[in-house]
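Comments concern the structure below.
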Amino acid sequence: MPFVRLYSPKLPLAKRKQIVKEFTQVLLDALHLPPEAIDYCTIQFSPFKLDEMAVGGKLLSENRKKKERGADYTMEVHERNLDAEKRQALVTGLTDALARVLKIKPERVWSINILIHEYNPSTDFAVGGRFVGDAGGSEREADSGRQV
């Protein structure tokens with residue numbers, strides 16, 4: 001059940017819809033998921049104002065020339081069973097998708113950061129108060145309706 005949270009300045013609805021479409025496709029492709037797994041892909045937006053984030057000891061909104069002003073974009077990706085190939089495909093795919101949608105120039109692509117959180121569904125992921133690996137609850141049940 002891949003989950004991506006994007007921290008960014010507030011984005012217009014049209015951009016968010018485009019990001020959802022592109023990120024979801026990246027998740028399906030990078031993780032080798034079947035098309036029906038689309039229902040398990042979650043994208044969450046966590047917007048912030050430029051005066052609510054600081055880099056290099058300064059708020060993003062202060063002391064920057066308009067030309068240099070920009071935001072850092074941070075993504076958190078939560079998923080299980082990630083090998084090196086899947087990790088790289090996620091990082092490359094999500095970075096490329098965000099840069100394309102937001103028209104981030106290649107020289108500013110460093111402003112896109114990704115933190116991957118890998119988890120074990122038997123010990124790190126609970127649904128309905130029970131770990132997915134608990135007796136009486138299966139990973140399949142958790143994936144198909146979050147009922148155990």
**Q.** Verdict on Lys21 being of a type outside the set (Val, Ile, Thr), surrounded by 12 or more Cβ atoms within 10 Å (Cβ to Cβ) and modelled with pLDDT of 95 or more
**A.** yes
Q: Filter region 1-22 for residues that are in contact (Cβ under 8 Å) with a residue 60 or more places away in the chain and more than 16 Å from Ile104 (Cα to Cα) and give the result.
A: Met1, Pro2, Phe3, Val4, Arg5
**Q.** Residues of region 3-29 classified as of a type in the set (A, V, I, L, M, F, W, C) and either more than 20 Å from Phe48 (Cβ to Cβ) or over 13 Å from the mean Cα position of the chain (by Cα) (or both), total
**A.** 6
(Q) Here's a check for you: in region 93-107, which residue that is without any contact (Cβ under 8 Å) to a residue 40 or more places away in the chain and β-branched (Val, Ile, Thr) is farthest from Ala14 (Cα to Cα)? (A) Thr95
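Results for (1) hydrophobic (A, V, I, L, M, F, W, C); (2) in contact with a strand residue (DSSP E or B) (Cβ under 7 Å, 6 or more places away or on another chain), shown as yes or no for each residue.
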site	(1), (2)
Val20	yes, yes
Tyr40	no, no
Ile43	yes, yes
Phe48	yes, yes
Glu76	no, yes
Arg87	no, yes
Arg100	no, no
Lys103	no, no
Ile114	yes, yes
Q: Would you point out which residue out of Val101, Val26 is at pLDDT 95 or above, over 30 Å from Val132 (Cβ atoms) and in contact with a helix residue (DSSP H, G or I) (Cβ under 6 Å, 6 or more places away or on another chain)?
A: Val101
Q.
Suppose we keep only residues that are touching an Asp or Glu at 6+ places or on another chain (Cβ under 9 Å) and free of Cβ contacts under 8 Å to residues at least 60 places away in the same chain within region 81-92. Which one would you say is surrounded by the most Cβ atoms within 10 Å (Cβ to Cβ)?
A. Leu82
Q | Among (1) at pLDDT 95 or above; (2) part of a loop (DSSP other than H, G, I, E, B) - the single one Ser122 does not satisfy | A | (1)
Q.
Taking the criterion of being farther than 30 Å from Val132 by Cβ and assigned to a strand (DSSP E or B), would at least one residue in region 70-78 satisfy it?
A. yes
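The values are calculated or read from the model by the stated rules, or taken from the named source; none is laboratory data. These numbers were taken from a predicted model, which means no experiment stands behind them. No Cβ is skipped: glycine too gets one built from the backbone with ideal geometry, and neighbour counts run over all protein chains shown.
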